[in-house]
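The values are calculated or read from the model by the stated rules, or taken from the named source; none is laboratory data. From a predicted model like this one, the values you see are computed outputs, not experimental measurements. Note: ideal-geometry Cβ built from the backbone for every residue, glycine included; neighbour counts use all protein chains shown.
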Amino acid sequence: MEECIFCKIINGELPSFKVYEDEKVFAFEDINPISQGHTLIIPKRHVENLWEIPEEDLAAVHFASKKIIRAIKDALNPVGVACLQLNGRGVNQVVMHYHLHLIPRASDEPQLPVSSWELKPGDMKEIQQIAEKIVAAIK
């Protein structure tokens, strides 16, 4: 895709701090990091989101994430790593090319808002109805 910043990075048209590459995947450091070691893993094939990504590319991204998260653990010794993937502008996906964030957290850093929320009991009947709708829509 001509205007996709991630495609330009893959093609070498824009610089990046690459940490991993194979035939299907490219991984690099986020230039607007939430924390040190914030890494993005992307498929080389341009797809916007989880709805579009072919299964083999999705698997490749997640196999690579396991290698990279081990390296992050060895190199940075975080207390945890958040794995974040957004789908669509409604949840603040900014670059419309599928990407998985690996966000290491140090013990002195605040919790990520997306990984910390108040637990409130839900309406069990409503939860059941939603689950049934989803089950019926699975193809």
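Kindly indicate the residue of the range 57-88 that is part of a helix (DSSP H, G or I) and either among the basic types (K, R) or touching a Gly at 6+ places or on another chain (Cβ under 8 Å) (or both) and also nearest to S107 (Cα to Cα) among those meeting that condition. By that ranking, first place goes to L76.
Checked against (1) free of Cβ contacts under 8 Å to residues at least 12 places away in the same chain; (2) more than 19 Å from D22 (Cβ to Cβ), A82 meets all criteria but (1). Selection of the range 1-56 for residues being crowded, with 18+ Cβ neighbours inside 10 Å, part of a strand (DSSP E or B) and touching a residue at least 24 places away in the same chain (Cβ under 8 Å) yields V19, V25, A27, T39, L40, I41, I42, P43. Of all residues being surrounded by 10 or more Cβ atoms within 10 Å (Cβ to Cβ), closer than 20 Å to I72 by Cβ and not hydrophobic (A, V, I, L, M, F, W, C) in the range 110-139, which is nearest to the chain's Cα centre (by Cα)? Just the residue, please. So, considering only residues that are surrounded by 10 or more Cβ atoms within 10 Å (Cβ to Cβ), closer than 20 Å to I72 by Cβ and not hydrophobic (A, V, I, L, M, F, W, C), the one nearest to the chain's Cα centre (by Cα) is S115.
Among the residues in the range 68-85, are any over 24 Å from I5 (Cα atoms), exposed (fewer than 10 other Cβ atoms within 10 Å of the Cβ) and out of contact with any Lys or Arg (no Cβ under 6 Å at 6 or more places or on another chain)? Yes: one or more hits.
Mind listing whichever residues of the range 112-138 are free of Cβ contacts under 8 Å to residues at least 24 places away in the same chain and among the β-branched types (V, I, T)?
Quick first cut of the range 112-138, residues free of Cβ contacts under 8 Å to residues at least 24 places away in the same chain only: 113, 116-138.
Passing the criteria: I127, I130, I134, V135, I138.
Any chance the range 46-57 includes a residue that's on the phi < 0 side of the Ramachandran plot, at pLDDT 95 or above and of a type in the set (V, I, T)? Yes, because at least one residue in the range 46-57 is on the phi < 0 side of the Ramachandran plot, at pLDDT 95 or above and of a type in the set (V, I, T).
Could you go through the range 101-109 and let me know if any residue there is surrounded by fewer than 12 Cβ atoms within 10 Å (Cβ to Cβ) and at pLDDT below 95.
From the range 101-109, those surrounded by fewer than 12 Cβ atoms within 10 Å (Cβ to Cβ) are 107-108; that's our starting set.
Checking the rest, the ones that are also at pLDDT below 95 come to 107-108.
For the range 101-109, residues surrounded by fewer than 12 Cβ atoms within 10 Å (Cβ to Cβ) and at pLDDT below 95: present.
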